[in-house]
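The values are calculated or read from the model by the stated rules, or taken from the named source; none is laboratory data. Model, not experiment: these values are computed from the prediction. For neighbour counting, all protein chains shown are included, and Cβ atoms are generated from backbone atoms with ideal geometry for every residue, glycine included.
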Amino acid sequence: MTAPRADFQIAATDFRYLLSRGYSRPAALALVGDRYQLDHTARQILHRGVFAPEVAQARRAKLRLLRDLPGQPLGIDGHNVLSAPSPNPPQSLKVLCRARPTPHSFPILP
């Protein structure tokens, strides 16, 4: 994404709407990406960061504070840790999440 665009937030809202209506992720991403002429980076941000409301709620329900798990074993899935962040992220790119976990909460693996 060469520069943040005002319509990116609208694209994210549209993508979320389509997902909430049962569209598949690839179909919704193609539709929204083509409609707003999003480049690869913008499409990846949508793909990795925008979910249907019920999916987002289910993920938030799994969050636990570490202080509530003393002495419990903790599993960490590091598969995407090295592949997700860009080695040279654009300095002007900032993504505000709708609902972020606290700094001391982590998802619990099933």
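Some notes on this structure:
- Look at (1) of a type outside the set (Gly, Ala, Ser); (2) at pLDDT below 90; (3) assigned to a loop (DSSP other than H, G, I, E, B) and you find that residue 8 fails only one, number (3).
- Cβ-Cβ distances below 7 Å connect the following pairs, each with a first residue in region 36-65 that is in contact (Cβ under 8 Å) with a residue 24 or more places away in the chain, a second residue that is among the acidic types (Asp, Glu), and a separation of six or more residues or different chains: 36/7.
- If only residues of region 6-33 that are more than 9 Å from residue 52 (Cβ to Cβ) and touching a residue at least 24 places away in the same chain (Cβ under 8 Å) are counted, the one that is surrounded by the most Cβ atoms within 10 Å (Cβ to Cβ) is 15.
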